[in-house]
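Peer 1: Quick one: the structure is below, questions incoming.
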Amino acid sequence: MTYRGAGQFGADGPVLLLTAMAQEACELRSRMAVSRRVASVVSEDFLEATLGNLAVVSGTCGIGKVAAAATTAAAIERFEPSAVVLAGISGSLSAHAPLGAMVVVEAAIHHDFDCRPIAAREGQLPGRDAVAFEADGVLKAALADSMARYSAGGWSGPALVGEVCSGDQLVAEARARDLISMRFPDALCLDMETAAVAQVCEGAKVPWSALRMVSDQADESFSAQAVLSWCQDVAAPAMAEVVTGALGGLALEGRAEAREKVQ
């Protein structure tokens, strides 16, 4: 679902940049020129800033769908963003998305939501025809283009575009992971926030997309210490490059569209 054109991103309001954890945001925030902190009752303080030529708001929502939804809703109400971009780590749900894979999210699904028989299918919210929440096409393309450039520059992991499953469980057991994969075979990875952010954005009619990096196999080999270290040392710099590159591309498109209107 596409809500607006690239020229309006950053012009009609800041771009809201969300992560669940501080480790995911550290490198991206180091590139921002922060103008002020804004207190929040549902999360850590928001940071109003500029990143390149775009106005942004950076928020760390905390882990899980309730925290993600509450933070997204509060930020949309407070800052009226023109777009929402979520970035963070995830577990693998497919052999195509091994450790180190980058995934630009094209759709997000609640893998732990089941309202049958009121809804027709597992993961489907009552009143919606679709199970998945689709990312904005312009944002998705900008992230995918930036990811491709970054990958061509030497990143060794796969660069993918696909679906993500979200639920309120940290999956660290092969059997649990495989059951989710069987139910949602098109999904590449799983996390604990994206579908919640997507649902709020759809309701508020704010375009969204997300970038996920696969930090673990979602099985018994999971190590919190190893995952968090890899997140801060490896994933955070890579995500910062891709997100910054994508926003830079949107800013250039916006200036080009503005010039065309003047002419």
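Peer 1: Within the stretch 33-70, which residues are under 16 Å from MET21 (Cβ atoms), touching a Phe, Trp or Tyr at 6+ places or on another chain (Cβ under 9 Å) and assigned to a loop (DSSP other than H, G, I, E, B)?
Peer 2: Listed by number, the list holds a single entry, SER40.
Peer 1: Show the residue pairs that are 6+ apart or on different chains and have beta-carbon atoms under 8 Å apart, the first residue being within the stretch 20-41 and on the phi > 0 side of the Ramachandran plot, the second being at pLDDT 90 or above and hydroxyl-bearing (Ser, Thr, Tyr).
Peer 2: Final answer for the pair search is none.
Peer 1: Sticking with this structure for a sec: How many residues does the stretch 72-109 contain that are of a type in the set (Val, Ile, Thr) and either touching an Asp or Glu at 6+ places or on another chain (Cβ under 8 Å) or at pLDDT below 95 (or both)?
Peer 2: Number of matching residues: 3.
Peer 1: For ALA176, are the conditions met, namely being assigned to a helix (DSSP H, G or I), of a type outside the set (Ser, Thr, Tyr) and surrounded by 22 or more Cβ atoms within 10 Å (Cβ to Cβ)?
Peer 2: Considered against the rule, which asks whether it is assigned to a helix (DSSP H, G or I), of a type outside the set (Ser, Thr, Tyr) and surrounded by 22 or more Cβ atoms within 10 Å (Cβ to Cβ), ALA176 comes out as no.
Peer 1: Which of (1) buried (at least 22 other Cβ atoms within 10 Å of the Cβ); (2) part of a helix (DSSP H, G or I); (3) more than 14 Å from the chain's Cα centre (by Cα) is the odd one out, the single condition ARG78 does not satisfy?
Peer 2: Looking at each condition in turn, ARG78 falls short on (1).
Peer 1: Out of everything in the stretch 64-75 that is touching a strand residue (DSSP E or B) at 6+ places or on another chain (Cβ under 8 Å) and aliphatic (A, V, I, L, M), what residue ends up being surrounded by the fewest Cβ atoms within 10 Å (Cβ to Cβ)?
Peer 2: The selected residue is ALA75.
Peer 1: Here's another thing I want to ask about it. Regarding the stretch 67-83, can at least one residue be identified that is over 23 Å from SER166 (Cα atoms) and touching a Lys or Arg at 6+ places or on another chain (Cβ under 9 Å)?
Peer 2: yes
Peer 1: Can you name the residue in the stretch 112-140 that is of a type in the set (A, V, I, L, M) and assigned to a loop (DSSP other than H, G, I, E, B) and is also surrounded by the most Cβ atoms within 10 Å (Cβ to Cβ) among such residues?
Peer 2: Looking at residues that are of a type in the set (A, V, I, L, M) and assigned to a loop (DSSP other than H, G, I, E, B), I get ALA135.
Peer 1: Sticking with this structure for a sec: Any residue that is over 30 Å from ALA226 (Cα atoms), surrounded by fewer than 24 Cβ atoms within 10 Å (Cβ to Cβ) and of a type outside the set (D, E, K, R) - is there at least one of those in the stretch 93-103?
Peer 2: No.
Peer 1: Right, another one. Looking at the structure I just gave you, is MET213 buried (at least 20 other Cβ atoms within 10 Å of the Cβ), in contact with a strand residue (DSSP E or B) (Cβ under 8 Å, 6 or more places away or on another chain) and part of a helix (DSSP H, G or I)?
Peer 2: Judged against the criteria, MET213 is not a match.
Peer 1: Still on this structure, I have one more. Look at GLY162 and say whether it is more than 20 Å from VAL214 (Cα to Cα), of a type in the set (Gly, Ala, Ser) and either surrounded by 22 or more Cβ atoms within 10 Å (Cβ to Cβ) or at pLDDT 95 or above (or both).
Peer 2: Answer is no for this residue.
Peer 1: Could I ask something else about it? Could you please give the count of residues in the stretch 187-205 that are touching a helix residue (DSSP H, G or I) at 6+ places or on another chain (Cβ under 6 Å) and either surrounded by fewer than 24 Cβ atoms within 10 Å (Cβ to Cβ) or assigned to a helix (DSSP H, G or I) (or both)?
Peer 2: 4
Peer 1: Shifting gears a bit: Would you please name the residue that is nearest to the chain's Cα centre (by Cα), looking only at residues in the stretch 216-234 that are assigned to a loop (DSSP other than H, G, I, E, B) and either within 11 Å of ASP191 (Cβ to Cβ) or of a type in the set (D, E, K, R) (or both)?
Peer 2: ALA218
Peer 1: Look at SER94 and say whether it is touching a residue at least 24 places away in the same chain (Cβ under 8 Å) and over 25 Å from ALA22 (Cα atoms).
Peer 2: For SER94, the condition - touching a residue at least 24 places away in the same chain (Cβ under 8 Å) and over 25 Å from ALA22 (Cα atoms) - is met.
The values are calculated or read from the model by the stated rules, or taken from the named source; none is laboratory data. Quick caveat, the model's predicted, so the values are computed rather than measured. Cβ coordinates were reconstructed from backbone atoms using ideal geometry, including for glycine residues, and neighbour counts include every protein chain displayed.
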